[in-house]
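The values are calculated or read from the model by the stated rules, or taken from the named source; none is laboratory data. Treat the numbers as computed from the prediction; the structure is a model and nothing was measured. Reconstructed Cβ throughout: ideal geometry from the backbone, glycine too, with neighbour counts over all protein chains shown. Areas reflect the complete protein model, heavy atoms only, side chains present, ligands, DNA and RNA absent. Shrake-Rupley method; radii C 1.70, N 1.55, O 1.52, S 1.80 Å.
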Amino acid sequence: MCVCPGPRRIAIPVRSSRLPLFSDAMPAPTQLFPLIRNCEIGRIYNTVCYCHHKHLCCLSPHLAHNNLRCAPQKKLATLCPKENFNQFIHARSYVSTPQRFYLTPPQVNSILKANEYSFKVPEFDGKNVSSILGFDSNQLPANAPIEDRRSAATCLQTRGMLLGVFDGHAGCACAQAVSERLFYYIAVSLLPHETLLEIENAVESGRALLPILQWHKHPNDYFSKEASKLYFNSLRTYWQELIDLNTGETTDVKEALINAFKRLDNDISLEAQVGDPNSFLNYLVLRVAFSGATACVAHVDGVDLHVANTGDSRAMLGVQEEDGSWSALALSYDHNAQNESEIERVKVEHPKSEEKSVVKQDRLLGLLMPFRAFGDVKFKWSIELQKRVIESGPDQLNDNEYTKFIPPNYHTPPYLTAEPEVIHHKLRPQDKFLVLATDGLWETMHRQDVVRIVGEYLTGVHHQQPIAVGGYKVTLGQMHGLLTERRARISSVFEDQNAATHLIRHAVGNNEFGTVDHERLSKMLSLPEELARMYRDDITIIVVQFNSHVVGACQNEEF
């Protein structure tokens, strides 16, 4: 991953072929924490390294996370020899007496809860009793601004609820656009022909439109007012085509999800090619198209759960076994180099001559980590089209490093698709909740731990596991301290009123013994933005809680 506030999944290739996790010129994470002295570390780090704060790709000498998302960069040691770095630290030691800076528990809670949102589904919505009790969501930024987005909405003209997380790269523009547009495309795809006609007739006659979605948004989850007319016109063109293509057949949810994803990505591409007379909008549509975003969306209608995934965010079902323990059921697959079938799919779509170059160093064309994404027209358009759009575009776009380079071995585009992989699951009474999260969570926690923590939080029942100390030598005094800490943690487990917040607390604050360490949590949350991306990614989580009684009743009716 890039550690700069901008891109984290794409980088312009440089000569260095390997990058150690930590260079000699920079102390390892455990060595960095003691340097936090009245924010002194920010100045130290800024002197050692410099990075352009841009949303689009930059050549950054910064170190990356252990799961690198960017192409390898030059060693930091070449920029600042170790002895000079040590001399610099000693030279600045007079600034303050060495003392660690900690956030108080209230300050930690304030940071963790800043973006949390909860929604409880009414017991009766006028049509049917919902299989969803409600959901909790939250975000913790690492980039500035955060590149993740989230969305949740109830479909008003059809049954069902839509929930999704969107992970942006090379800036937040594409993730923002997808988060506010995709659900409309899905809802329109699910509407019957008669309803589509009614909506079109209302637009033609200037009457009020039927509401399609009821959004459930945190105040920070905004809409782009300036682009609303453009977005509406593209959506209207889509439903007009659906009206013309009416077959009279019942809409298949899986097909509707796939069509909505592909159509929105196509509209993003077309809007960038056509441009706009308004210079602000013209730059906006180009930023959306040249940045990228992955998406993981769930549609819940009674006991029918569909998950549409494009990229490497994940959907995980929390299942409670008969003995009360928790197990995780994956409802999505990562679209990256760790997925052998994805590598094979990409290779099959291109000539044999590109077999060794289409996936290189576990990245698409050696650059892009996810193999499916919205936007990212650098991996979809022909070279001629890219040059034409860039040359005719605004100066801000033409001056950007990312837009000027052509991916290596770029012969038979498109190399990237936004088509989702859709998984259908029939809910059962033992299926208690669904976790949708961007990869910032899954990089720090195993799926089984995620499900166990959420399950125990929701039920209040804790299945104590033996304290794991790994290869550490632990004295009796230390063991007593761990047990005391565990007891205190259990007694205060309900300090979080939001399941997503509780999960983020564990993701960021867990120590080597698997318990939340306030000292570690304080350190991680007080890191300056230049350093935060060295340790974690943006984290966005939605936890959907199911109504087991309703699910069981629906299941019995089917039989």
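General remarks:
- Protein-only accessible surface at a 1.4 angstrom probe places the residues Cys172, Cys554 in the order Cys554, Cys172, largest first.
- Atom-type composition of the exposed protein surface of the range 110-193 places 58 percent of the accessible area on carbon and sulfur (1.4 angstrom probe).
- Length gained on full extension, Tyr222 to Arg388: 56.5 nm, using 0.36 nm per residue less the C-alpha separation.
- Computed with a 1.4 Å probe over protein heavy atoms only, the accessible area of Thr104 comes to about 60 Å².
- Close amide H partners of Asp148, meaning residues 5 or more places away or on another chain with modelled amide H under 5 Å apart, are Gly168.
- Measuring nothing but protein heavy atoms, the accessible surface of the range 401-447 at 1.4 Å probe radius is 49 percent carbon and sulfur.
- Among the listed pairs Lys217/Lys404; Lys225/Lys378; Lys254/Lys352; Lys217/Lys360; Lys113/Lys262; Lys380/Lys432, those with a Cα-Cα distance over 30 Å are Lys217/Lys404; Lys254/Lys352; Lys217/Lys360; Lys113/Lys262; Lys380/Lys432.
- 3J(HN,Hα) from dihedral phi, the range 262-271, Karplus parametrisation 6.51/-1.76/1.60, rounded to Hz, x for glycine, proline: 5, 5, 4, 5, 5, 5, 4, 5, 5, 4
- Phi-derived couplings, Karplus 6.51 cos²θ - 1.76 cosθ + 1.60 at θ = phi - 60°, listed residue by residue for the range 523-532: 5, 5, 7, 9, 5, x, 4, 5, 9, 4 Hz, with x used for Gly and Pro.
- Accessible solvent surface per residue of the range 111-238, calculated while the other protein chains remain in place, 1.4 angstrom probe, Å²: 40
- Three semi-axes describe the equivalent ellipsoid of the range 308-433; taken as square roots of 5 times the Cα gyration tensor eigenvalues and ordered largest first, they are 38, 17, 11 Å.
- Which of Leu242, Ser228, Ala330, positive extreme of dipole for the range 204-340 (C-beta unit charges): Ser228
- Under the convention that each Lys and Arg Cβ holds +1 and each Asp and Glu Cβ holds -1, the size of the dipole of the range 159-318 around its Cα centre is about 460 debye.
- Table column - 3J(HN,Hα) (Hz), the range 337-343, Karplus curve with 6.51, -1.76, 1.60, x for Gly and Pro: 6, 7, 9, 4, 5, 5, 4
- Within the accessible area of the range 256-366 (1.4 Å probe), percent carbon and sulfur: 48
- A DSSP coil position with no more than 13 other Cβ atoms inside 10 Å describes the following trypsin sites (Lys or Arg not before Pro) in the range 285-369: Lys356.
- Inter-part distance where the range 139-207 and the range 300-321 are each reduced to a Cα centre, Å: 18
- Across q = 0.12, 0.24 Å⁻¹, the range 259-358 modelled as identical point scatterers on its alpha-carbon atoms has Debye log10 I(q)/I(0) values of -0.66, -1.21, in the order of the q list.
- For the range 231-298, the pair-distance distribution built from all alpha carbon pairs, in bins 5 Å wide starting at 0, is 3, 13, 22, 22, 17, 12, 7, 3, 1 percent.
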